[in-house]
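Down below is the structure, laid out as structure tokens.
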């Protein structure tokens with residue numbers, strides 16, 4: 001699953017996207033419920049710049065530690081990956097890299 005946040009990549013916005021999905025009872029897409037499993041990855045990206053890299057790394061670490069405390073038997077996502085992009089070209093490159101990173105799991 002990929003969530004592209006078109007507004008700024010603030011921690012509040014990115015974490016809201018992540019936990020909105022992780023805490024949901026189900027996810028709808030085009031009138032269908034998505035089935036997720038330990039092989040599924042959630043990629044959340046927002047508009048930012050290279051200076052946001054330390055913040056993004058911190059968010060990824062925090063999400064992983066908090067996820068272990070969340071009990072949700074409805075949806076399970078194996079991996080959460082957060083990133084930021086500066087422009088359309090950066091978004092394309094970022095998504096390619098984050099999809100590869102998600103597949104490493």
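In region 20-65, what residues are part of a helix (DSSP H, G or I) and surrounded by 14 or more Cβ atoms within 10 Å (Cβ to Cβ)?
21, 22, 52, 55, 56, 59, 60, 62, 63 - these are the residues of region 20-65 that are part of a helix (DSSP H, G or I) and surrounded by 14 or more Cβ atoms within 10 Å (Cβ to Cβ).
Looking only at region 1-19, which residues are modelled with pLDDT of 85 or more, surrounded by 13 or more Cβ atoms within 10 Å (Cβ to Cβ) and either in a helix (DSSP H, G or I) or over 9 Å from the mean Cα position of the chain (by Cα) (or both)?
Residues satisfying the conditions are 5, 10, 11, 13, 14, 15, 16, 17, 18, 19.
Being exposed (fewer than 14 other Cβ atoms within 10 Å of the Cβ) and closer than 14 Å to residue 38 by Cβ is the filter; apply it to region 77-103 and report the residue that is modelled with the highest pLDDT.
Restricting to residues being exposed (fewer than 14 other Cβ atoms within 10 Å of the Cβ) and closer than 14 Å to residue 38 by Cβ, the top hit is 78.
Determine the pairs where a residue that is over 12 Å from residue 4 (Cβ atoms), located within region 86-98, has a partner that is surrounded by 10 or more Cβ atoms within 10 Å (Cβ to Cβ) with Cβ atoms under 6 Å apart, the partner being 6 or more residues away or on another chain.
Between residues of region 86-98 that are over 12 Å from residue 4 (Cβ atoms) and residues that are surrounded by 10 or more Cβ atoms within 10 Å (Cβ to Cβ), the close pairs are 86/49.
The values are calculated or read from the model by the stated rules, or taken from the named source; none is laboratory data. Remember, it's a predicted structure, so these values are computed and weren't measured experimentally. Methodologically, a virtual Cβ is constructed for each residue, glycine included, from the backbone with ideal geometry; neighbour enumeration extends over all protein chains shown.
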